[in-house]
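Worksheet for the structure shown next.
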Amino acid sequence: MFEDVRKKGFLKVRVDGEIKDITAKMQVDRYKIHDIELVVDRLQVTDDLKARLSQSVQQGLKLGKDLMFVLVNGEATITQYSKMLMCEDTGISYEEPSL
């Protein structure tokens, strides 16, 4: 898995809460359950980077199947964004409202 994302040009992953560089033949302990997240972009938001931010958000939602996490440098909390009608706390998805 790590080799596949490295070949696509990604440089970092977040494994069990720690951001790591993707290296050749990178592995994790296969006998443990891990949280593995792809780092799509790292940037400081400024007016001249709005287009890059927009592209990164679109790519993050696409790769994350309409779900992405944003970690703001210096903050301990991660914000979850979803295009699905889903409760962040419970993970329960809801159907699209109809008339």
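General remarks:
- The range 1-59, residues that are free of Cβ contacts under 8 Å to residues at least 24 places away in the same chain, of a type in the set (Lys, Arg) and either in contact with a Leu (Cβ under 7 Å, 6 or more places away or on another chain) or on the phi < 0 side of the Ramachandran plot (or both): 6, 7, 8, 20, 30, 32, 50, 52
- Within the range 40-93, if we keep just the residues that are outside any strand (DSSP E or B), open to solvent by less than 50 Å² (accessible area, probe 1.4 Å) and modelled with pLDDT under 85, the residue that is nearest to residue 22 (Cα to Cα) turns out to be 91.
The values are calculated or read from the model by the stated rules, or taken from the named source; none is laboratory data. Here the structure is a predicted model, which means the values were calculated and not measured. Counting neighbours? That spans all protein chains shown, and the Cβs are built from the backbone with ideal geometry, glycine included. With ligands, DNA and RNA removed, areas are computed over all heavy atoms of the protein, side chains included. Shrake-Rupley method; radii C 1.70, N 1.55, O 1.52, S 1.80 Å.
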